[in-house]
Amino acid sequence: MSSSRPQWSKRSLTAQAMGHVDPITKAVVPPIHVATTYIRDEDNAYSSGYVYGRPDNATVREAEGVLAMLEEAQAGALLFSSGMAAATAVFQALNPGDHIVASKVMYWALRSWLMTEAVRWGLKVDFVETDDLDALKAAVVPGKTKMVWVETPSNPLWTITDIAAAADIAHAAGARLAVDSTTASPVHTRPLSLGADIVMHAATKILNGHSDVVAGVLAGAKVDEFWDKVASIRKMQGAILGPFEAYLLMRGMRTLHLRTAAQARTAMDLAERFSAHPKIARVLYPGLPQHPGHDIAARQMEGGFGYMLSIQLTDGEAAAIRAAARVHLWKRATSLGGVESLIEHRASIEGPGTPCPPDLLRLSAGIEAVDDLFRDLDEALRVG
Ligand SMILES: *Cc1c(COP(=O)(O)O)cnc(C)c1O
């Protein structure tokens, strides 16, 4: 990780991946470090700081340096082999009997893990609408609740939780606040500056941005016993990201600021145009003034409202599945944050018990021409 304090803007530092130059060849792109083991010095020390590939890797550290800079994370950042590996490491650092309060509307796989595996670990989990601060306040139990987990904007309704207020509530009860900021990106929201203790991203999504890496990251507000425990879990459980994936992620992040700006602009434009569409009953996007979380989003998000939106169709579930089947330019696939726009009928993939409305299509705005994206979906909606 770079020890020099950034003098340039985050955009400049990200574009140059912190400006590292290979000291031997002067290459502007650092090499990928693939070694699993390192030479011990004659005096038996490891002066480079590297010992073995499971705890640590130089290419991974370089990507972590960019992420720590973006999140202004004093504890630094830790890259994991997936977003789920990053998120679950936070919960595994808790102790049996600890109480967790989590957003009711959140990434489906993590919600499933919390309902099944976390319970087997002896953790107690309550799900509340964390955008309702009174409900959050009522759910935390002082002394018992150790973690409040918030996703904002949250999948797939893009509900907005007030991070600063949630941090106050968590801290007053003696709990930590962790924020899944995947759909906000470090460009639009900085949870640590709003009082969160840990920020998590599925780097699989907009951070990498090209739908070709699975990765997760945690960034910490400060080094303490809990953060050390999380780091130790990554090391002992072997959940570190591979060096080639770290390289691809760093390459993807060089254009992060361009992509987030373009994708948020497209999402906003589509949200506005679809608001007036006869086949659409409701557009869910925090950038729209009528979205219930708009005022808070306008306060806590900078430079845009993110790349994710959802639409609910006037003709219901069958019409939604039909429309998704008829698009050409939009790609009918799960996931989000890539340069190609994706469309998905969420209820189908989440299955029974999902809080996702059946008539909802989730849209991940990419970087294609917005007129093409509008026309393609407009035509798919109008047939039948
Ligand atoms: C994708 C995603 C995750 C999980 O990340 P993986 O890399 O798929 O494990 C967690 N939270 C959100 C909001 C996501 O979109």
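Coordinate-derived values only; no laboratory data. Here the structure is a predicted model, which means the values were calculated and not measured. Reconstructed Cβ throughout: ideal geometry from the backbone, glycine too, with neighbour counts over all protein chains shown.
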Counting only DSSP beta bridges fully inside the chain, the antiparallel percentage to nearest 5 is 60 percent
Measuring from the lowest to the highest alpha carbon on each principal axis, how far does segment 256-382 reach, largest first, in angstroms? 37, 29, 27
Anchor K235: lysines whose Cα lies under 30 Å away (excluding residues fewer than 8 positions away in-chain): K10, K124, K144, K146, K205, K222
Which residue, E344, E225, E62, tops the fluctuation ranking in a GNM of the chain built on C-alpha contacts under 10 Å? E225
Roughly how tilted is helix 316-326, in degrees to the nearest 10 and between 0 and 90, from the longest Cα axis of the chain? 70 degrees
Residue by residue through segment 78-94, which ³J(HN,Hα) values in whole Hz follow from phi under the Karplus form 6.51 cos²θ - 1.76 cosθ + 1.60 (θ = phi - 60°), with glycine and proline marked x? 10, 8, 10, 6, 6, x, 5, 5, 5, 5, 5, 4, 5, 6, 6, 7, 7
Using alpha carbon centers only, segment 107-137 is separated from segment 357-384 by a whole-angstrom value of 32 Å
Cα gyration tensor of the chain, axes a ≥ b ≥ c as square roots of the eigenvalues: rounded (a/c below 1.5), prolate (a/b > b/c) or oblate? oblate
Between beta-carbons, use under 15 Å as the cut-off and find the net charge around S82, counting Lys and Arg +1, Asp and Glu -1. -2
To test your reading of the geometry: what angle, between 0 and 90 degrees and rounded to tens, separates the Cα axis of helix 108-120 from the longest principal axis of the chain? 60 degrees
Out of the DSSP beta bridges found with both residues in segment 253-361, what percent are antiparallel (nearest 5)? 80 percent
S335/S47 FRET efficiency (R0 56 Å; Cβ-Cβ; nearest 0.05): 0.85
Name the long-range amide H neighbours of F127: under 5 Å, sequence gap of 5 or more, or other chain; modelled H, no Pro or chain starts. A102
Using θ = phi - 60° and the Karplus form 6.51 cos²θ - 1.76 cosθ + 1.60, what ³J(HN,Hα) does each residue of segment 132-137 get, whole Hz, x for Gly and Pro? 9, 5, 5, 5, 5, 4
Could you state the angle between the C-alpha long axis of helix 58-71 and the longest principal axis of the C-alpha atoms of the chain, as a value from 0 to 90 degrees rounded to the nearest 10? 50 degrees
If you count the DSSP beta bridges with both ends in segment 72-211, what percent of them are antiparallel, to the nearest 5? 5 percent
